[in-house]
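Student: Before anything else, here's the structure in question.
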Amino acid sequence: MKAANRDFTRELNLFNILNSIREAGSISRVEIAEKTGQSKASVTNITALLIERGLIYEDQVESSTSRGRRRIMLMLNPDAAYTVGIKIAAFRLSFAVVDFVGQVKSTLSIPFRVGERSAAMLAAVAEDGILHCLEDARLKLEDLSGCGLAIPGFVDSASGTCYWTPIQNGSSNIRDLLAQRLDMDVYLENDANSFTVASQWFGLGKGIRNFLVVTIEEGIGMGIVVDGKLYQGATGIAAEFGHMVIVPDGEPCRCGKLGCFEAYSADSGILQQARKLLKRRKNGPDQDMLTIEEVTRWAREGDRGLRKIFQQSGEFLARGVAGLIQIFNPERVIITGEGVRAGDLVFDPMHKLLGKYLNREQANSTQILIQEWNDHDWAQGAAGFVLSEIYKSPLNKIQRSG
């Protein structure tokens, strides 16, 4: 076997063993061999190396058999590596530092109008935020094994290229600028994709081979997992669910097209329609100061016009989700993001129409979950995406300070 092929096989075996331990939480060498198909000798040699490098450790537990022998189980060492994730949104930067098993060590949120600042200033503020988070976690920059950037838009993570993002009116070179400042690997990914990977590893997608994530905030994003793998398309910019045209020549979208799904069901689209409605009313609120939180509150308090806007959003969401279920036949659809604050205003009409758009077999085969949102979920997702990259080559990518 050629050296290159041996190296590839070794890395693949390492990943499969680490991933088996991660998924199980605690697992024996015999169980790893059964799960991965590797020989017991291979598992013994690789786990010995991982223990030597401090990535995993042994723990003895009571046996369930009557003979009472203690079993030696393997677990991940949470302190083996640390990563930081940053979510870049239109008006805020969110940060999260996580350990090797994805547990959050510290978080931070900084108000920042991204579209009004240069990429160089954005990189500087991002670096300051990382250092603040590390100080809270009692870590140093040298302790980090990588940084993940989650950004909305068309992103090719393989090349680290952002072709277009709505928050900077075009492409962005933020990855390169931040990598230069930090002097470490910086991974750029679409925000919905990074959250999807984190869901697969730590969240509601764990153990699910086929699932979809739909995110609702300023825009609408999507992540696709097929047969356990994130689907990104030919050039890395698949799953742009929010930019499917559902109303020909309809409302303007941030991407420049008309009638996109995002223009009706995202926070930005709902707010745009609310402004039009309220502008026609006498003594209406200041349009420039109007927020989605205010619009949601007024709808909950009984404003019929605003409730109609949210109802329409849910009806469009039903069409979109039903279409996805018919195409992908997923085990689970996870709907999350800041936009879930709307609750029954959107999801009651959505659930009502899903039964109309799906036949019984399709509806019964898919579980739809509405996940409550945490401000730092995006950043944790970005950090989790970095972990998924580190697991592919842990001996080369884990940073050791000191």
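Every number in this text was worked out from the coordinates using simple rules, so none of it is lab data. Model, not experiment: these values are computed from the prediction. For neighbour counting, all protein chains shown are included, and Cβ atoms are generated from backbone atoms with ideal geometry for every residue, glycine included.
Student: Under the √(5λ) rule applied to the eigenvalues of the Cα gyration tensor, what semi-axes describe the equivalent ellipsoid of region 205-370? Give them in Å, descending.
Tutor: Largest first, region 205-370 gives 29, 17, 14 Å.
Student: Additional query: Counting DSSP beta bridges with both partners in the chain, what percentage is antiparallel, nearest 5?
Tutor: 65 percent
Student: If you don't mind, there's one more thing I want to ask. Taking springs between alpha-carbon atoms closer than 10 angstrom, which of L188, L149, L50 fluctuates most in the Gaussian network model of the chain?
Tutor: Of L188, L149, L50, the most mobile in the Gaussian network model is L50.
Student: Given charges of +1 on the Cβ of Lys and Arg and -1 on the Cβ of Asp and Glu, with all other atoms neutral, how large is the dipole of the chain about its Cα centre, in debye to the nearest 20?
Tutor: Using Cβ point charges on Lys, Arg, Asp and Glu, the chain gives about 820 debye.
Student: Fewest to most neighbouring Cβ within 10 Å: what's the order for Y82, Y57?
Tutor: Starting with the residue having the fewest Cβ neighbours, the order is Y57, Y82.
Student: With unit charges on the beta carbons (Lys and Arg positive, Asp and Glu negative) and the dipole taken about the Cα centre of the chain, which residue among Q60, P111, G320 sits farthest to the positive side?
Tutor: The residue sitting most towards the positive pole is G320.
Student: Then there is this: Can you compute the helix-only [θ] at 222 nm over the chain? Use -39500 (n - 2.57) per DSSP H run of at least 4 residues, normalise by all residues, nearest 500 deg cm²/dmol. All intermediate terms of the calculation are to be shown ahead of the outcome.
Tutor: Numbers: 14 runs with 171 residues, N = 402.
Mean residue ellipticity, 222 nm, calculated: -13500 deg cm²/dmol.
Student: In percent, what relative contact order does region 205-370 have, based on Cα pairs under 8 Å that are 6 or more apart in sequence?
Tutor: Result for region 205-370 is 24 percent.
Student: Shifting gears a bit: Looking at region 205-370, send over the antiparallel percent of its DSSP beta bridges, to the nearest 5.
Tutor: Counting only bridges with both partners in region 205-370, antiparallel ones make up about 55 percent.
Student: Now for a separate question. Can you give me the Cα centroid spacing of region 150-199 and region 211-283 in angstrom?
Tutor: Distance between centres, Cα-based: 19 Å.
Student: Using Cβ contacts closer than 10 Å as the measure, can you line up V30, V214 from fewest to most?
Tutor: V30, V214
Student: Which is the longest stretch in the chain that no exposed loop site breaks, taking sites as GluC sites (Glu not before Pro) with a DSSP loop state and at most 13 other Cβ atoms within 10 Å?
Tutor: Details: sites that count: E62, E301, E372.
Between the exposed loop sites, the longest stretch runs 63-300.
Student: Considering only D185, D288, D128, give the residue with the highest GNM mean-square fluctuation for the chain, with springs between Cα atoms whenever their separation is below 10 Å.
Tutor: Largest GNM mean-square fluctuation: D288.
Student: What is the extension gain from E23 to V247, computed as 0.36 nm multiplied by their sequence separation minus the C-alpha to C-alpha distance, in nm to one decimal?
Tutor: 76.4 nm
Student: Hey, what did the chain get for relative contact order, percent, Cα under 8 Å, at least 6 apart?
Tutor: 17 percent
Student: Right, next: Please report the relative contact order for region 105-177, taking Cα pairs under 8 Å with a sequence separation of at least 6, and give it as a percent rounded to a whole number.
Tutor: So the answer I get is 30 percent.
Student: Among L74, L139, V225, whose Cα lies farthest out toward the positive end of the dipole of the chain, if unit charges sit on the beta carbon of Lys, Arg (+1) and Asp, Glu (-1)?
Tutor: Looking along the dipole axis, the top candidate is V225.
Student: On to the next question. Where a Cα-Cα gap under 23 Å defines reach, which lysines qualify for K206, not counting those fewer than 8 residues away within the same chain?
Tutor: K35, K87, K105, K229, K392
Student: In which sequence would V104, V197 go, from the one with the fewest C-beta neighbours within 10 Å to the one with the most?
Tutor: In order of increasing Cβ crowding within 10 Å: V104, V197.
Student: Further question: How high is the FRET efficiency from R307 to A41, r the C-beta distance, R0 60 Å, rounded to 0.05? Write down the numbers at each step before the final one.
Tutor: Numbers: r = 66 Å, r/R0 = 1.09.
The calculated FRET efficiency here is 0.35.
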